[in-house]
Amino acid sequence: MSTTATASPARIGRTILLAAGLVAIAFGLTILFWPTKTAIALTGVIAFQAIVGGIIYLARGITAKELGTGGRIGNVLLGLLYAGAGIIAFTQLKQSAAFLAIFLVIMMGALWVVEGFVALFSLGQSESKGITILFALISIIAGFTLISSPLMGAVFLWVFLAIGMIVMGILNVGRALFGRKKD
């Protein structure tokens, strides 16, 4: 008669926390010490995903008999756009990484500005008007700062992401190793 040992949910949870923490620390250190290479590698992953997605859309547009003509043409066009964007990004990874960073920072800045104004517009329904106004002002100022200086914003956010990943990773490792053991 054989007995199979099963891991307790607490042990599985700690293992997941430990693995996630170690991965976050590794990614954070990679971003911190090799920021440009990491951004280029990330852009390469995104470009690869775009090419694969493009191929899938192309295949669906060509082979999916259940789609109407418009659906098939749409899938083929979408496939060409995805694959084309991925190929262009691969041929110019450095420039694509810079463009992606600037684009994301400007988009984030615009979203923060809008979020700040939405907070102000909903001030009448807010229970804590002072905190809502403070949040709105910080959001609007931070948003305009990112929009007005996207390169510096990208550098700041990239470094902030790295440090955040390292800190959160260390905390998860600590939770996994020193948390209460109920198994």
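The values are calculated or read from the model by the stated rules, or taken from the named source; none is laboratory data. Since this is a predicted model, take the numbers as computed values, not measurements. Methodologically, a virtual Cβ is constructed for each residue, glycine included, from the backbone with ideal geometry; neighbour enumeration extends over all protein chains shown. These area figures cover heavy atoms from the full protein model, side chains too; ligands, DNA and RNA do not enter into them. Shrake-Rupley method; radii C 1.70, N 1.55, O 1.52, S 1.80 Å.
Results, tabulated for the structure shown:
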quantity	calculated
Where L93 falls short, out of the listed (1) touching a residue at least 40 places away in the same chain (Cβ under 8 Å); (2) open to solvent by 60 Å² or more (accessible area, probe 1.4 Å)	(2)
Count of region 143-153 residues which are closer than 10 Å to V113 by Cβ and open to solvent by less than 30 Å² (accessible area, probe 1.4 Å)	2
G79 part of a helix (DSSP H, G or I), buried (at least 18 other Cβ atoms within 10 Å of the Cβ), of a type in the set (G, A, S) and under 17 Å from the mean Cα position of the chain (by Cα)	no
Any hit, region 3-21, residues being out of contact with any His (no Cβ under 8 Å at 6 or more places or on another chain), within 23 Å of A98 (Cβ to Cβ) and either of a type in the set (V, I, T) or open to solvent by 80 Å² or more (accessible area, probe 1.4 Å) (or both)	no
Selection within region 154-183 - out of contact with any Gly (no Cβ under 9 Å at 6 or more places or on another chain), modelled with pLDDT of 90 or more and either surrounded by fewer than 13 Cβ atoms within 10 Å (Cβ to Cβ) or closer than 15 Å to A26 by Cβ (or both)	F160
Among residues of region 99-141, those that are open to solvent by 30 Å² or more (accessible area, probe 1.4 Å) and in a helix (DSSP H, G or I), counted	30
